[in-house]
1. Residue by residue, what Karplus-based ³J(HN,Hα) values in Hz, rounded to whole numbers, does the range B:83-95 have, using 6.51, -1.76 and 1.60 with θ = phi - 60° and x for Gly and Pro?
2. Report relative contact order for the range B:6-114 in percent, whole number only (criteria: Cα-Cα under 8 Å, sequence separation at least 6).
3. Pairs A:60/A:100; A:68/A:100; A:49/B:26; A:56/B:26; A:49/A:100: which exceed 23 Å Cα-Cα?
4. Taking loop as defined by DSSP and a crowding limit of 12 other beta carbons within 10 Å, which GluC sites (Glu not before Pro) in the range B:1-99 fit?
5. Highest GNM mean-square fluctuation, chain A, Cα pairs closer than 10 Å: which of A:71, A:20, A:95?
6. Which of the trypsin sites (Lys or Arg not before Pro) found in the range A:27-90 are loop residues per DSSP with 15 or fewer other Cβ atoms within 10 Å of their Cβ?
7. Residues of A:99-109, mean number of Cβ from any other protein chain within 10 Å of their own Cβ, rounded to a whole number?
8. Quick one: which residues, 5+ away or cross-chain, put their amide H under 5 Å from the amide H of residue A:23? H built at 1.01 Å from N.
Amino acid sequence: GNSVTQMEGPVTLSEEAFLTINCTYTATGYPSLFWYVQYPGEGLQLLLKATKADDKGSNKGFEATYRKETTSFHLEKGSVQVSDSAVYFCALTLTDSWGKLQFGAGTQVVVTP
Amino acid sequence: DAGVTQSPTHLIKTRGQQVTLRCSPKSGHDTVSWYQQALGQEPQFIFQYYEEEERQRGNFPDRFSGHQFPNYSSELNVNALLLGDSALYLCASSLQGGVNYGYTFGSGTRLTVV
């Protein structure tokens, strides 16, 4: 089956530190990959996406590269802010799945001043 | 441009009752998916509607049903509510299944079953 594995949280960082959240996947087909962010009490926001190998998604200083050889889609940000505190979800969907999103367990990130 | 709109935002129901949640997709989107997110967990796919038909369903019992209207809006119905149905219900809209376009999520409806 298809699955997404994320590093466990919480990840606690100081402001301006470098953030990496690991995400690996297992898929029977050729997935599209996404990172979503959820702020407390809110829905999910699409942070970035990649639809084929070696694609790099980027948004708001966050980046992730679709690595087919390592089945990974790690999220990175060079300098985090307190406002980046949230839960981050890695997700995949397959072309023949009618867009069903399969999420990882989520990683809580806490950024302290 | 309005995003995905869900109503109500919060709801309290008694075990055994029935509930209807509503979703208006983002302008231009034609596909609506529903997810259940228990507290502290990842969202779980319930089902997806496109062209007023259920296209795919997750591992949820028949107590969960839905509908999509000609204007692309959608309803999620849950019958015979259980305590375990307490969760945040998220609606996501997309264009033509959303595989390559991504999904826009609403803020959700927080359902509490007592």
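Since every read-out is calculated from the coordinates, none of them should be taken as a lab result. What you are looking at is a predicted structure, and each value in this text was computed from that prediction instead of being measured. Glycine gets a Cβ as well: all are built from the backbone with ideal geometry, and neighbour counts include every protein chain shown.
1. For the range B:83-95, the Karplus-derived couplings read 4, x, 7, 4, 5, 8, 9, 10, 10, 10, 10, 7, 10 Hz, x marking Gly and Pro.
2. Here the relative contact order equals 37 percent.
3. Numbers: A:60/A:100 26 Å; A:68/A:100 20 Å; A:49/B:26 19 Å; A:56/B:26 26 Å; A:49/A:100 15 Å.
Distance filter (> 23 Å) returns A:60/A:100; A:56/B:26.
4. B:51, B:52
5. A:95
6. Within the range A:27-90, the qualifying trypsin sites (Lys or Arg not before Pro) (loop, at most 15 other Cβ atoms within 10 Å) are A:52, A:60, A:68.
7. Numbers: counts 18, 13, 14, 5, 7, 1, 3, 5, 0, 1, 0.
Partner Cβ neighbours, averaged per residue: 6.
8. Amide H neighbours of residue A:23: A:73, A:74, A:75.
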